[in-house]
1. State whether one or more residues within region 64-81 are within 17 Å of the chain's Cα centre (by Cα) and at pLDDT 85 or above.
2. For region 66-112, give me each residue that is exposed (fewer than 10 other Cβ atoms within 10 Å of the Cβ) and touching a residue at least 40 places away in the same chain (Cβ under 8 Å).
3. What about residue 54, is it within 18 Å of residue 107 (Cα to Cα), modelled with pLDDT of 70 or more and assigned to a loop (DSSP other than H, G, I, E, B)?
4. Which one is nearest to residue 114 (Cα to Cα) among residues in region 36-65 that are free of Cβ contacts under 8 Å to residues at least 24 places away in the same chain and in contact with a helix residue (DSSP H, G or I) (Cβ under 8 Å, 6 or more places away or on another chain)?
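The values are calculated or read from the model by the stated rules, or taken from the named source; none is laboratory data. Quick caveat, the model's predicted, so the values are computed rather than measured. Positions of Cβ are backbone-derived with ideal geometry, glycine not excepted, and every protein chain shown enters the neighbour counts.
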């Protein structure tokens, strides 16, 4: 069965007191704006008691249809990719610029069909 990669891109605002203020014992508290993006990987979508589409409308599901039989994985790939970091960054920067100009991710039909 193919796995699923899913990204929760639009986290709901915090509902508890003080969530936008640091809590630390080593310095004075400071206010901040959370720009984090959640990333989840699972074999199936989680269950939800939500009856509207609002919950999943914030998700982008990326289907991974590849299958890697046991023993076929290239165990040296992480080390080889480390040698390509500069090239990856060179490719990623124009893509980041396009994303910032668009203001949102482009969602291909394969991702829409994954729901």
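1. Of the residues in region 64-81, the ones within 17 Å of the chain's Cα centre (by Cα) are 64.
Applying the additional criterion that residues be at pLDDT 85 or above yields none.
Within region 64-81, not a single residue is within 17 Å of the chain's Cα centre (by Cα) and at pLDDT 85 or above.
2. Those that are exposed (fewer than 10 other Cβ atoms within 10 Å of the Cβ) and touching a residue at least 40 places away in the same chain (Cβ under 8 Å): 66, 67.
3. yes
4. First pass over region 36-65, keeping only residues free of Cβ contacts under 8 Å to residues at least 24 places away in the same chain: 46-55, 57.
Next, only the ones that are in contact with a helix residue (DSSP H, G or I) (Cβ under 8 Å, 6 or more places away or on another chain) stay: 48, 50.
On the way: 48: 17, 50: 19 Å.
Selected residue: 48.
Matching residues to (1) assigned to a helix (DSSP H, G or I); (2) touching a strand residue (DSSP E or B) at 6+ places or on another chain (Cβ under 9 Å):
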{"site": "45", "(1), (2)": "no, yes"}
{"site": "49", "(1), (2)": "no, no"}
{"site": "71", "(1), (2)": "no, no"}
{"site": "74", "(1), (2)": "no, no"}
{"site": "80", "(1), (2)": "yes, no"}
{"site": "86", "(1), (2)": "yes, no"}
{"site": "93", "(1), (2)": "yes, no"}
